[in-house]
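Every read-out reported here was derived from the displayed coordinates using simple, explicitly stated rules and does not represent laboratory data. Keep in mind that what you see is a predicted model, and the values were worked out from it rather than measured. Note that we place each Cβ from the backbone using ideal geometry, even for glycine, and neighbour counts take in every protein chain shown.
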Amino acid sequence: MDSDVSPTRRFGEMISVLTNDGHKLFDAVLFGSFVLASPVLFIICVVYACYILDYTALIGVGTYLIFIPLQVGLARLINRFRWKSIQITDCRVRTMNEILNSIKLIKMYAWEDSFEKKIAEFRKNEKKQLQKASYVQNTNISISTIIPTLATVLTFIVHTSLKLELNTTDAFTTIAVFNAMRYCLGLLPLSMKAMAEAAVSIKRLQKILLIQNPEPYLNQQKDSDSAIVIKNATLSWARPASQPDPTPSSANGVTGHKVEEVSKNGASETLPTLRNISLTLPKGKLLGVCGNVGSGKTSLISSILEQMHLLQGSFTADGTFAYVSQQAWIFHGTIQENILMGEPLDQSKYDRVLMW
């Protein structure tokens, strides 16, 4: 059996999406409109500057256009650093969740120092990636403040060197127009940053929302001597991309699946979490499953509950299941709703409980 880390990893990703990525999407909605408005304002400023200074105004416009690809490249660099920091954040949140769930065990064995160093290392790497993104963002903002002055100076130098007339009115109007262009480039870095981070957040959210539910594979068989029968079952948390629809097996009439392979970097590899599991649980018997931490005990229970993807083998059951979680939990609602779990209230049972 292999270690099961997928549910914990998804839990860490969900926490990160709810806390961080939601705010990034809000920033994208707030600043995203400037991505469309800035080019319109830029074109109007270009036309008006050419109307005032004629073709020499294109020198300043060209200065702006030279730096636009640079700002786009910096935005992509911010996107890369942001993606790395999000991955580290997911690992940190997942590790903290495991520490909090196992705090008794950590205290018992005095493992506080080792786990503290591990979390500190995560924070250090996360801080390093955020610092890189901040440095690039500050460089982008600094460039946007320098460009208007540089464009104005170059335009006036070329204009006067060509012996063209430059009066006070045209000069100050040109400065005002170039400052208006500065407004475009001033918001463009923030808009590009917000859109880049939102693109990363949307991909992460899409990955979680598009997680495919496992296909039902538990076969009901009545009048059997066994409550559960598992034969040569191979399961995984992730569904292989090339897995076809289940096909019936001709051996015993039980639906079976073939082991599928996923091509990755030119090589084929299987993605099983549980391999070749065979189990028979007779009725009226108590079965205990023991093993090391991460050996697959939780995965085995999840496979019986049809929460995994069956790649090979078969599952047969006679009867229904009642699952009791190791950790107690309640959902937001009344005590009655937590007890009934969506079932209708049986007033006779309720009266008997009150009498008892």
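Quick look at the values:
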| quantity | calculated |
| --- | --- |
| Prolate/oblate/rounded label for region 85-171 (Cα gyration tensor, a/c 1.5) | prolate |
| Of 187, 154, 122, farthest towards positive along the dipole that unit charges on Lys, Arg, Asp, Glu beta carbons give region 84-193 | 122 |
| Check: region 55-180 dipole with +1 on Lys, Arg Cβ and -1 on Asp, Glu Cβ, in debye | 680 debye |
| Ranked by how many other beta carbons lie within 10 Å on average, peptides 164-170, 134-140 from highest | 134-140, 164-170 |
| Computed label-point distance, nm, for sites residue 117 and residue 335 using a 7 Å Cα→Cβ extension | 4.9 nm |
| In Å, descending, principal axis extents of the Cα set of region 38-82 | 43, 18, 7 |
| Cross-link table 84/193; 24/117; 127/193; 104/285; 117/203, entries beyond 26 Å C-alpha to C-alpha | 24/117; 104/285; 117/203 |
| Compactness relative to 2.2 N^0.38 Å, alpha carbon Rg of region 201-241 | 1.81 |
| Total formal charge among the other residues, if their Cβ is under 14 angstrom from that of residue 118, Lys/Arg +1 and Asp/Glu -1 | -1 |
| Convex hull volume per residue for region 27-169, taking Cα atoms only, in Å³ | 130 Å³ |
| FRET E, pair residue 52, residue 208, Förster distance 45 Å, beta-carbon r, rounded to 0.05 | 0.25 |
